[in-house]
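Read the structure below first, then the notes.
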Amino acid sequence: MAQFQTLRASLTRSAALSEFTKHLEFEVKGVPRLGFVPGQWLSLTASKPDGEEITRAYSLASPPSDNGRFAFCLNRVQDGFMSNHLCDMMDGEEITFQGPFGSFILRPPLRDTVFIATGTGIAPFRAMLHWLLADPSRHENRNFWLLFGVRSEQDIYYREEFERLAAEHRTFNFLPTLSRGGPEWKGLRGYVQEHLPKNVGERTDMHAYICGLDKMVRANRDLLKSLGWDRKQILYEKYD
């Protein structure tokens, strides 16, 4: 498939993850398979009522499949045309896109890895972890931690999926942390960077992948570098 070829995909499923967040699944039209690497993104284009064409990039929230399907995890942005356009789509409606693009992907050789996300920054890690844990040859003898920071318990996107993966794979640790958790919350509290040191300890032989808002990404990068990590071990993708 040519990298800049424009393709079409139809919505097959839309599910609310929270009040303003949706999980959207699409099926590509006209090609049997969409080749991409977990962590990459697609460039979507849609036209506003006045004819203005809008293009936005969204990380793929699903691992590669053989049936031409892919998914996004996205928030409604106030006054944001594309996010609301996508969230309002009905089953069978189509989008046009180009891609895949992006180099925020797993780097060989695979090491013990900590994934750090906030909000919809979880999307590329859902793709990576489902892909890694689906085949023992991909994750053999490696340990993974997912630190996922959100405000409240209802914002832990894909919670049941990650809890199931953690139950099925002793090498995967799911660590949601709430900045505004209620009194009934028994898990971690505060921001993701507060829990990073105790999970990586004094190790400097791991990889870290960070995805979220710029301030969070910077805080975790700075912390890891202060712990002796080389910047080449820290991969990140930030969004506004």
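The values are calculated or read from the model by the stated rules, or taken from the named source; none is laboratory data. Here the structure is a predicted model, which is why all the values come from computation and not from measurement. Cβ sites come from the backbone with ideal geometry, for glycine too, and all protein chains shown count toward neighbours. Just the protein is used for accessible areas: all its heavy atoms, side chains included, with ligands, DNA and RNA removed. Shrake-Rupley method; radii C 1.70, N 1.55, O 1.52, S 1.80 Å.
For region 130-240, please list each of the helices (runs of 4 or more DSSP H) lying entirely inside it that holds at least 2 residues being open to solvent by less than 40 Å² (accessible area, probe 1.4 Å) and β-branched (V, I, T).
The helices (runs of 4 or more DSSP H) meeting that bar are 192-200.
Restricting region 110-129 to residues that are outside any helix (DSSP H, G or I) and among the aliphatic types (A, V, I, L, M), which is farthest from V192 (Cα to Cα)? Filtering first and then ranking leaves L110. Of the set (1) touching a Leu at 6+ places or on another chain (Cβ under 7 Å); (2) part of a loop (DSSP other than H, G, I, E, B), all apply to Y58 but (2). Within region 82-102, the residues that satisfy the criterion of being polar (S, T, N, Q) and free of Cβ contacts under 8 Å to residues at least 60 places away in the same chain are S83, N84. Of the residues making up region 65-78, those that are under 12 Å from W41 (Cα atoms) and not small (G, A, S) are F70, F72, C73.
Cβ-Cβ contacts under 7 Å between residues 6 or more apart (or on different chains), taken from a first residue in region 38-61 that is within 15 Å of E94 (Cα to Cα) and touching a residue at least 12 places away in the same chain (Cβ under 8 Å) to a second residue that is part of a loop (DSSP other than H, G, I, E, B) and open to solvent by less than 10 Å² (accessible area, probe 1.4 Å), are listed as L42/L60.
Note on region 25-55: residues that are of a type in the set (A, V, I, L, M) and touching a helix residue (DSSP H, G or I) at 6+ places or on another chain (Cβ under 6 Å) total 2.
Can you report the number of residues in region 192-240 which are modelled with pLDDT of 95 or more and in contact with a Gly (Cβ under 6 Å, 6 or more places away or on another chain)? Number of matching residues: 3. Under 9 Å between Cβ atoms, which residue pairs at least 6 apart in sequence (or on different chains) link something in region 67-81 that is under 25 Å from R159 (Cα atoms) with a partner that is assigned to a loop (DSSP other than H, G, I, E, B) and of a type in the set (S, T, N, Q)? The qualifying pairs are R69/S62; F70/S62; A71/S62; F72/S62. Restricting P64, P49, P100 to residues that are over 21 Å from E161 (Cα atoms) and within 16 Å of the chain's Cα centre (by Cα) narrows the list to P100.
Residue by residue, here is whether (1) over 12 Å from M128 (Cβ atoms); (2) open to solvent by less than 40 Å² (accessible area, probe 1.4 Å); (3) touching a strand residue (DSSP E or B) at 6+ places or on another chain (Cβ under 6 Å) holds:
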site: S65; (1), (2), (3): yes, yes, no
site: R69; (1), (2), (3): yes, no, yes
site: N75; (1), (2), (3): yes, no, yes
site: G80; (1), (2), (3): yes, yes, no
site: H85; (1), (2), (3): yes, no, yes
site: G92; (1), (2), (3): yes, no, yes
site: T96; (1), (2), (3): yes, yes, yes
site: G102; (1), (2), (3): yes, yes, yes
site: D112; (1), (2), (3): yes, yes, no
